[in-house]
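S.K.: Below are the structure tokens for one structure; questions will follow.
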């Protein structure tokens, strides 16, 4: 669907340029934007390298293990039917910890592993279990304390204060995560009532 939206925007902009006699502006803008994209991509390398190095230090120092210990009670509340020492629990903890510390690239493999392990506990392999839906809601909204990728992008684009979005990011991701979990629980109840009536 998003591809059709982008295609529609491109066609509309080309038609407007043709009818207003500014088609040469489109060509200039395309090349200027391509040049800017390459510049940003190269400048991102150094910033992302720095942040990934910082995240590796956090991981090696054991801070991520400390974060996992803090998150364990939350995981027990969110996933009450999940066995305590099941591999899915460890994968969920690693995923949430990585997302919390802004390590999205590190969180993805743990998310995939968590889903795979949750599937082993799923009584109906053709339908997502309640735990899988909960994990999807939590992982998609992903509460974040340090938005490293966004900070890197802002720094690459020349922001005077690339870290000023940390506070608003914490609030926004907390609200998003809360709404995601509450919505999942409400939809679970509605689905349960419908199944009960059948």
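Just so it is clear, none of the values below were taken in a lab; they were calculated from the coordinates. Nothing here was measured: the structure is a model prediction, and the numbers come from that model. As a convention, Cβ positions derive from the backbone with ideal geometry for all residues, glycine included, and neighbour counts pool all protein chains shown.
S.K.: Which whole-number percentage describes the relative contact order of the chain, with Cα contacts under 8 Å and a sequence gap of 6 or more? Walk me through the numbers on the way to the answer.
M.R.: Details: 153 pairs, mean separation 35.5, N = 198.
Rounded, it is 18 percent for the chain.
S.K.: Points 7 angstrom from Cα along the Cβ direction at residue 145 and residue 22: gap in nanometres?
M.R.: With each label point 7 Å from Cα toward Cβ, the separation is 4.7 nm.
S.K.: Distance between Cα centroids, the range 137-160 to the range 1-23: provide it in whole Å.
M.R.: If we compute the Cα centre of each part, the gap is 30 Å.
S.K.: Something else now. Could the peptides 128-134, 161-167 be put in order, highest first, of the mean number of other beta-carbon atoms found within 10 Å of their residues?
M.R.: Details: 128-134: 18.1, 161-167: 13.1.
Top to bottom by mean Cβ count within 10 Å: 128-134, 161-167.
S.K.: Using 0.36 nm times the number of residues separating residue 84 and residue 56, minus their current alpha carbon distance, what extension gain do you get?
M.R.: Values: separation 28, 0.36 × 28 = 10.08 nm, distance 2.71 nm.
Full-extension gain reported as 7.4 nm.
S.K.: Another question about this same structure. Along the Cα→Cβ direction, 7 angstrom out, place labels at residue 38 and residue 74. What is the inter-label distance in nm?
M.R.: With each label point 7 Å from Cα toward Cβ, the separation is 4.3 nm.
S.K.: Please order 143, 9 by the number of other Cβ within 10 Å, starting at the fewest.
M.R.: Working: 143 20, 9 10.
With the fewest neighbours first, 143, 9 line up as 9, 143.
S.K.: Most exposed first by the Cβ proxy, i.e. fewest other Cβ within 10 Å, how do 187, 100 rank? Please list the in-between numbers first.
M.R.: On the way: 187 12, 100 20.
With the sparsest Cβ surroundings first, the list reads 187, 100.
S.K.: OK, next. Any idea what angle helix 166-197 forms with the longest principal axis of the chain, computed on alpha-carbon atoms, 0 to 90 degrees, nearest 10?
M.R.: The two axes meet at around 50 degrees.
S.K.: Also, I was wondering about something else. Along the Cα-to-Cβ line of residue 45, 7 Å from the Cα, sits a label point; which residues in the range 126-165 have backbone N less than 17 Å from it?
M.R.: Zone members listed by number: 153, 156-157.
S.K.: What value, in deg cm²/dmol to 500, does the helix sum -39500 (n - 2.57) over DSSP H runs of n ≥ 4 give at 222 nm once divided by the residues of the chain?
M.R.: Details: 8 runs with 158 residues, N = 198.
Calculated at 222 nm, the ellipticity per residue is -27500 deg cm²/dmol.
S.K.: How big is the Rg/Rh ratio for the range 53-198, C-alpha atoms only, Rh by Kirkwood, two decimals? All intermediate terms of the calculation are to be shown ahead of the outcome.
M.R.: Details: Rg = 16.9 Å, Rh = 16.4 Å.
Answer for the range 53-198: 1.03.
S.K.: While we're on this one: Extending each Cα 7 Å along its Cβ direction at residue 4 and residue 176, get the distance between those two points in nm, one decimal.
M.R.: Label-label distance for residue 4 and residue 176, simple model: 2.5 nm.
S.K.: A further question on this structure: Using Cβ contacts closer than 10 Å as the measure, can you line up 154, 188 from fewest to most?
M.R.: Fewest-to-most ranking of 154, 188: 188, 154.
S.K.: Then there's this: Please work out the Cα center distance from the range 176-191 to the range 92-132, rounded to the nearest Å.
M.R.: 17 Å
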